[in-house]
Amino acid sequence: MWTGEKKIAGLGLLVSFGGGLTLGGLRPAGALLTGAAVLAGASTVCAAVLARHRRRTDRTVADLASALARETVLGDLGSRLLAAGDPDRMLRVTAGAAATLLSDVPGGWAAVLSIGPDDDFAVLTADSPDAHLPLEAVPTDLLVRLAGGELVSAGTPSALGLTGFGPERPISLLPLVHGESFFGVLATGSDDQVPAGLAAALQAVRTQASLALEGDALAAELTRRATRDPLTGLGNRQSMRDRLTAALARARRSGKPVGVLLLDLQRFRQVNEVHGHDAGDELLRVVADRLRAGVRTEDTIGRLGGDQFAVIAEDLRTAQDILVIAERLVESLGRSVPVGGRIVRAPASVGIALSHPDTDGPDQLMREAEAAMTSAKRQGGGRYQMHGASA
C-alpha cells in the first residue's frame, strides 16, 4: 500500500498514510478533538468579525438616520422662517430648530438671547414663556465679541462671566449676525461636547436665521422708506392717502365721521431764505414733534411735502371733537421756535374737513380740507377753518 505524508496548509497538521491513519503523529481520537478545537476557534474569530461588522453597519445606519433627521430639520427651517412674519417669531423658530437637533443629546438645550425694548436680554425658546436676563449679566467684552460675529464656547456659562444663565455645563454661543446687523445669540448646551455633524447643523441653523432676519430687516427698511418722510419720520403723502382710504371704510361701518386737518406753515419760506435750509429742516422737525404731542393716540400724522402736514382723526363723536384738536394745534404751532440759535415763528393755517355719507373717497376729503385751509390763510394765518362753515 502507498504510504506518504501530507501537511495540510493552514492547520499545521501532518497526515500520514500507511500502516494506519495518524494526524500529526497523534492517535485519531486526539486528532479529531484538536481539529474540532481549531474549527471552533476559527468560528469564534468569524463571529467576532461579523459582530464588529454588524456594529459598524449599525453605527453607519444610525449616522445616516441622524444626518437625514438633521437635513429634515434644516429643510423645514427655511420655510418656517419665511412664514414666521416677524423677527420675534423668527427667533423662536430658530430656538425650536436648535432644540430639535439637540433633543437626542444628553442634557441638550437651546435658547435665543435677544436684546429687548427695556435694554435687557429676552431669553426666547420655542414654546416656553419669555425669561429675562439683565444686560449687565453679559460682560461687555463678551457682548462685543458676539456682536462682531465670533463664536464662543466654554465649559460652563460662568467661565464666560455669564451669571444666572443656563446650567453649569458646556455652552456654545452662536451670534446671529449679518453684515453690520446683530440680531441676538443662539445659545446651546449639553452634558458633553456635541458631535461634529451636529455642530455643523447648528451652524447652518445660525446661518439660515441670520439671513432670514437680515432679509426681514431690509424689507422693513424698504417699506419704511417707501411710506415715511425721511426728515420727520412721519407718514408721507402716499401713506396718508392709504390710511385715509382705510379710515373711510371703517367710518362707513361704524357711522362715525373721519376728520382731516390740513396744515400749512406761515413764513416757512422766509425761514429758509434768511436762516438757511438747515434751519428750515430743524423747524420742520420741531413742528412734527409738536403735532405728535397735540393729537390723540388714535390719530395719524403725516407730512405731505414742503411745509404741509396732515392729521387724520377717527372715532369722532361730533364736529366739536376735531375743532378741539385744531385749536390745540394752532396754539402749539403759534409759539416761537428756537432754530439755529435764533427764535422764529411759523404759525399754521389749518383747514378741516369731515367725511359724510356722500364723501367720494379720500381725494374729495383732502380737496375739501385744502379749500378750508386756503380760507384760513386768507384770514391772516394762525387760525383754523372748517369746510362748509362760514369764514
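Among the conditions (1) within 19 Å of D363 (Cα to Cα); (2) under 33 Å from the mean Cα position of the chain (by Cα); (3) assigned to a helix (DSSP H, G or I), the only one that A288 does not satisfy is (1). Scanning the stretch 318-332 for residues that are surrounded by fewer than 20 Cβ atoms within 10 Å (Cβ to Cβ) and either touching a Lys or Arg at 6+ places or on another chain (Cβ under 7 Å) or of a type in the set (G, A, S) (or both) yields A319, S332. Using the structure shown, decide if V105 is of a type outside the set (K, R) and not in a loop (DSSP other than H, G, I, E, B). No; evaluated as a whole, the condition is false for this residue. The residue pairs whose first member lies in the stretch 235-250 and is more than 20 Å from H356 (Cβ to Cβ), whose second member is assigned to a helix (DSSP H, G or I) and of a type outside the set (V, I, T), and whose beta carbons are closer than 7 Å, counting only pairs six or more residues apart or on different chains, are G235/R243. When restricted to residues that are open to solvent by 50 Å² or more (accessible area, probe 1.4 Å), under 22 Å from G351 (Cβ atoms) and either modelled with pLDDT of 95 or more or assigned to a helix (DSSP H, G or I) (or both), the stretch 266-281 contains 2. Considering the stretch 333-376, and only residues there that are charged (D, E, K, R), open to solvent by 60 Å² or more (accessible area, probe 1.4 Å) and within 26 Å of L248 (Cβ to Cβ), the residue that is farthest from the chain's Cα centre (by Cα) turns out to be D358. Taken together, the residues in the stretch 189-224 that are charged (D, E, K, R) and outside any helix (DSSP H, G or I) amount to 2. Taken as a whole, the condition of being among the acidic types (D, E) and touching a residue at least 24 places away in the same chain (Cβ under 8 Å) applies to D264. Considering the stretch 223-232, and only residues there that are out of contact with any helix residue (DSSP H, G or I) (no Cβ under 7 Å at 6 or more places or on another chain) and of a type outside the set (D, E, K, R), the residue that is nearest to E282 (Cα to Cα) turns out to be P230.
Scanning the stretch 282-299 for residues that are open to solvent by 20 Å² or more (accessible area, probe 1.4 Å) and touching a Ser or Thr at 6+ places or on another chain (Cβ under 9 Å) returns R285, D289, R290, A293.
The residue of the stretch 74-122 that is surrounded by the most Cβ atoms within 10 Å (Cβ to Cβ), among those that are in contact (Cβ under 8 Å) with a residue 24 or more places away in the chain and of a type in the set (D, E, K, R), is R92.
Taken as a whole, the stretch 237-257 holds no residue that is modelled with pLDDT under 90, part of a helix (DSSP H, G or I) and in contact with a strand residue (DSSP E or B) (Cβ under 9 Å, 6 or more places away or on another chain). Do we have any residue at all in the stretch 61-73 that's farther than 21 Å from Q193 by Cα and in contact (Cβ under 8 Å) with a residue 24 or more places away in the chain? No, the stretch 61-73 contains no residue that is farther than 21 Å from Q193 by Cα and in contact (Cβ under 8 Å) with a residue 24 or more places away in the chain. Pairing residues of the stretch 301-324 that are without any contact (Cβ under 8 Å) to a residue 60 or more places away in the chain and under 13 Å from A247 (Cβ atoms) with residues that are among the hydroxyl-bearing types (S, T, Y) and in a strand (DSSP E or B), at Cβ distances under 9 Å and at least 6 apart in sequence or on separate chains, gives V311/T300; A313/T300. Selection of the stretch 131-185 for residues being acidic (D, E) and closer than 24 Å to D216 by Cβ yields E150, E180.
Candidates in the stretch 164-188 are the residues that are closer than 20 Å to G107 by Cβ, not in a strand (DSSP E or B) and not small (G, A, S); of these, the one that is most open to solvent (accessible area, probe 1.4 Å) is E168. Out of S332, S336, which single residue is in contact (Cβ under 8 Å) with a residue 24 or more places away in the chain and more than 15 Å from V260 (Cα to Cα)? Of S332, S336, the one residue that is in contact (Cβ under 8 Å) with a residue 24 or more places away in the chain and more than 15 Å from V260 (Cα to Cα) is S332.
The values are calculated or read from the model by the stated rules, or taken from the named source; none is laboratory data. None of these values were measured; they are calculated from a predicted model. Cβ: placed from backbone, ideal geometry, glycine included. Neighbour counts: every protein chain shown. Quick note on the areas: whole protein, heavy atoms, side chains included, nothing else; ligands and nucleic acids left out. Shrake-Rupley method; radii C 1.70, N 1.55, O 1.52, S 1.80 Å.
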